[in-house]
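The structure appears below as structure tokens.
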């Protein structure tokens, strides 16, 4: 994997990021969401994995809110995609680490993810319910909605429903 570079998304990556999302998820929904968020959310942060001239992986982080709380700065991880033929090589993990390193340096209090409970705990994610947090969408399994608390003192005594941006409500 030494020939794969990880960096913040640049304008030249946009078309290939869409393709990576389409191939990884087998549908256009995730790519559509990423495209809309780029236009509507300047706080969104994307990282890409590039092999040669080709984007082989992508991850997006967007601001999230906690109902009834004035906490600012929490981020949601979604989507993360890697070309099918490049999966299981550590590319996704390195994308997650790139984002989390960025948020630790930026004093972000927490990152949430709705994802595979067998994958995300390796990065320190725990079920959000352990912190009195729940997902805005009904029917989400408790173990799949996770939080990585980066600033315990900021979340002390805070509980509630965590909400992604409205762009994620597509198809729900």
Please go through segment 38-77 and pick out each residue that is at positive phi and touching a strand residue (DSSP E or B) at 6+ places or on another chain (Cβ under 8 Å). 68, 73
Based on what the data block shows, is residue 17 under 24 Å from residue 137 (Cα atoms), modelled with pLDDT of 95 or more and part of a helix (DSSP H, G or I)? no
Selection from segment 20-59 of residues that are assigned to a helix (DSSP H, G or I) and without any contact (Cβ under 8 Å) to a residue 12 or more places away in the chain: 22, 39
Qualifying positions in segment 118-158 - out of contact with any strand residue (DSSP E or B) (no Cβ under 6 Å at 6 or more places or on another chain), surrounded by fewer than 15 Cβ atoms within 10 Å (Cβ to Cβ) and in a loop (DSSP other than H, G, I, E, B): 118, 132, 137, 138, 139, 140, 141, 156, 157
Can you pull out the residues in segment 88-112 that are in contact with a helix residue (DSSP H, G or I) (Cβ under 8 Å, 6 or more places away or on another chain) and surrounded by fewer than 17 Cβ atoms within 10 Å (Cβ to Cβ)? 93, 97
Of the criteria (1) in contact (Cβ under 8 Å) with a residue 24 or more places away in the chain; (2) surrounded by 15 or more Cβ atoms within 10 Å (Cβ to Cβ); (3) under 22 Å from residue 170 (Cβ atoms), which one residue 6 fails: (3)
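The values are calculated or read from the model by the stated rules, or taken from the named source; none is laboratory data. Owing to the predicted nature of the structure, the values given are computational and were not obtained by experimental measurement. Neighbour counts run over all protein chains shown; Cβ positions are idealised from the backbone, glycine included.
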